[in-house]
1. Which condition number in (1) touching a residue at least 40 places away in the same chain (Cβ under 8 Å); (2) hydrophobic (A, V, I, L, M, F, W, C); (3) buried (at least 18 other Cβ atoms within 10 Å of the Cβ) is the one that residue 28 fails?
2. Determine if the stretch 17-39 includes at least one residue that is under 23 Å from residue 120 (Cβ atoms) and assigned by TED's automatic domain parsing to the domain that holds residue 96.
3. Take the residues in the stretch 33-71 that are closer than 18 Å to residue 88 by Cβ and out of contact with any helix residue (DSSP H, G or I) (no Cβ under 8 Å at 6 or more places or on another chain); name whichever of them is surrounded by the fewest Cβ atoms within 10 Å (Cβ to Cβ).
Amino acid sequence: MVTTFRELRVYQAARRLAGEIYGLSKEWPREERYSLTDQIRRSSRSVGANVAEAWRKRRYPKHFVSKLTDADAEAAETQAWLDAALDCGLIDADTHARLDREYDQVLGSLVRMMRGADRWCGPATLREPPIDYDTDDYDEFYGDDGFYDRPVNDPDPVADDPPPLYVNERGHPLDPSHTPIPPHPDTPQ
């Protein structure tokens, strides 16, 4: 069972390819630094980064697929930059063909992951647990009469006890002379 994005073969391949492209591009002419070199380095690194982001968003299948789609687009962009590098004579045809083939494998893996997103997104245990909206506590919090104000201290004050401190639904103290507003007569009990 895969527990981290680093264990994904597609991430490992993308990372290895990005490193190889970096090594090749170090030999390219300086005038390509802010165009082809930066572009291909950025797009090749982005493939693995988007796979990592997709992995962390796998609780939500649509987000997972969206990030894999971004990785897919970056891999295709890298292939386009490899074409440009070939056209400029910066890489030879064999290197181009091999890298292009390896990016095709990465693209295929990404497409398979997108098509099988439900398997990757996992069981409900990976998702956040649902919140239990238990309404049984309503009477305990609001009181039997349904008022929004409730006494904080003893619910059965004795006559010589000080009057109860009332708070609103946010817990802010109310004026001691405050009288809770009863519900409208048409409100069902």
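1. Result: residue 28 passes all but (3).
2. Here is the first cut: in the stretch 17-39, the ones under 23 Å from residue 120 (Cβ atoms) are 17-18.
Still in the running and assigned by TED's automatic domain parsing to the domain that holds residue 96: 17-18.
Yes, the stretch 17-39 contains at least one residue that is under 23 Å from residue 120 (Cβ atoms) and assigned by TED's automatic domain parsing to the domain that holds residue 96.
3. Taking the stretch 33-71 as the starting set, the residues that turn out to be closer than 18 Å to residue 88 by Cβ are 33-44.
Adding the requirement that they be out of contact with any helix residue (DSSP H, G or I) (no Cβ under 8 Å at 6 or more places or on another chain) leaves 33-35, 38, 42.
Numbers: 33: 11, 34: 9, 35: 11, 38: 13, 42: 15.
Looking at the filtered set, the residue picked out is 34.
The values are calculated or read from the model by the stated rules, or taken from the named source; none is laboratory data. Quantities reported herein were computed from a predicted structural model and do not represent experimental measurements. As a convention, Cβ positions derive from the backbone with ideal geometry for all residues, glycine included, and neighbour counts pool all protein chains shown.
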